[in-house]
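Structure record follows, encoded as structure tokens.
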Amino acid sequence: MLYARIPQDRVGVLIGPEGGTKRGLEERAGIHVEIDSASGEVTIDERDAADPSMALKARDVVQAIGRGFSEQRAFRLLEDDVYLEVLDIKDFARSKARLEQIRARVIGTRGKTRRILEELTGVDISVLGHTVALVGPTFEMGIAREAVLMLLRGSEHRTVYRFLERKRADIKAWHMGF
């Protein structure tokens with residue numbers, strides 16, 4: 001058995017319309033999911049799973065949905081070499097006001113910064129509450145994590161964008177097998 005807890009306002013997203021998201025996760029991962037709507041507690045029973053590692057991936061999907069990802073983006077975690085990473089903004093802010101400033105820096109005006117990070121790295125990013133969550137392949141994840149950490153530490157957006165432009169060639173070379 002594996003356990004996770006997600007915010008109550010995200011339980012409906014995990015269940016999905018007429019239970020479709022929950023059912024899809026159970027079918028694709030070969031596990032059984034029980035959700036306590038009142039507390040946000042999620043229990044994953046992997047006893048019937050053909051591949052026990054799918055239970056761990058299913059828990060990551062649950063946590064990704066809890067961190068603000070859509071069903072489609074979270075289900076990427078069921079693929080090989082796609083991982084979830086959650087960074088806590090509180091580690092970089094000493095006050096509530098500063099936390100809000102840092103969140104705004106990662107999101108950008110009308111979501112521009114987040115969108116640029118996603119386009120240049122191929123990693124999905126969600127900012128919810130005091131966390132920044134990343135879903136993506138291993139190689140690209142390292143680059144996206146570094147870019148987000150640069151923003152959290154206070155680097156200028158221009159500096160982060162230049163870093164990403166330089167790393168873009170590395171990502172292309174990685175995909176070509178060099």
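The values are calculated or read from the model by the stated rules, or taken from the named source; none is laboratory data. Note that the structure is a prediction, hence the values are computed from the model and not measured. Here Cβ is always computed from backbone atoms with ideal geometry, including for glycine, and neighbour counts include all displayed protein chains.
Structure above, values below:
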{"read-out": "Residues within the range 31-42 that are loosely packed, with under 14 Cβ neighbours inside 10 Å and in a strand (DSSP E or B), tallied", "value": "2"}
{"read-out": "Condition met for ARG5 (within 30 Å of ARG153 (Cβ to Cβ), loosely packed, with under 14 Cβ neighbours inside 10 Å, in contact with a Ser or Thr (Cβ under 9 Å, 6 or more places away or on another chain) and in contact (Cβ under 8 Å) with a residue 12 or more places away in the chain)", "value": "yes"}
{"read-out": "Qualifying position, being small (Gly, Ala, Ser), out of contact with any strand residue (DSSP E or B) (no Cβ under 7 Å at 6 or more places or on another chain) and either in a helix (DSSP H, G or I) or surrounded by 12 or more Cβ atoms within 10 Å (Cβ to Cβ) (or both), among ALA50, ALA64, ALA104", "value": "ALA104"}
{"read-out": "Inter-residue pairs, beta-carbon under 8 Å, first touching a residue at least 12 places away in the same chain (Cβ under 8 Å) and more than 16 Å from VAL61 (Cβ to Cβ) and in the range 121-135, second among the hydroxyl-bearing types (Ser, Thr, Tyr) and surrounded by 17 or more Cβ atoms within 10 Å (Cβ to Cβ), 6+ apart", "value": "VAL132/SER126"}
{"read-out": "Residue within the range 88-97 that is surrounded by fewer than 19 Cβ atoms within 10 Å (Cβ to Cβ), modelled with pLDDT of 90 or more and in a strand (DSSP E or B) present", "value": "yes"}
{"read-out": "Test: residue in the range 65-74 that is of a type outside the set (D, E, K, R) and either touching a Lys or Arg at 6+ places or on another chain (Cβ under 7 Å) or over 30 Å from ILE143 (Cβ atoms) (or both)", "value": "yes"}
{"read-out": "Hey, GLN72 in a helix (DSSP H, G or I), modelled with pLDDT of 95 or more and closer than 27 Å to THR131 by Cα or not", "value": "no"}
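Residues are listed down the side, and each one gets a yes or a no for (1) of a type in the set (Phe, Trp, Tyr); (2) touching a residue at least 24 places away in the same chain (Cβ under 8 Å); (3) more than 19 Å from SER70 (Cβ to Cβ):
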| position | (1), (2), (3) |
| --- | --- |
| VAL86 | no, yes, no |
| ARG98 | no, no, yes |
| ILE107 | no, no, no |
| GLY111 | no, no, no |
| GLU119 | no, no, no |
| PRO137 | no, yes, no |
| GLU156 | no, no, yes |
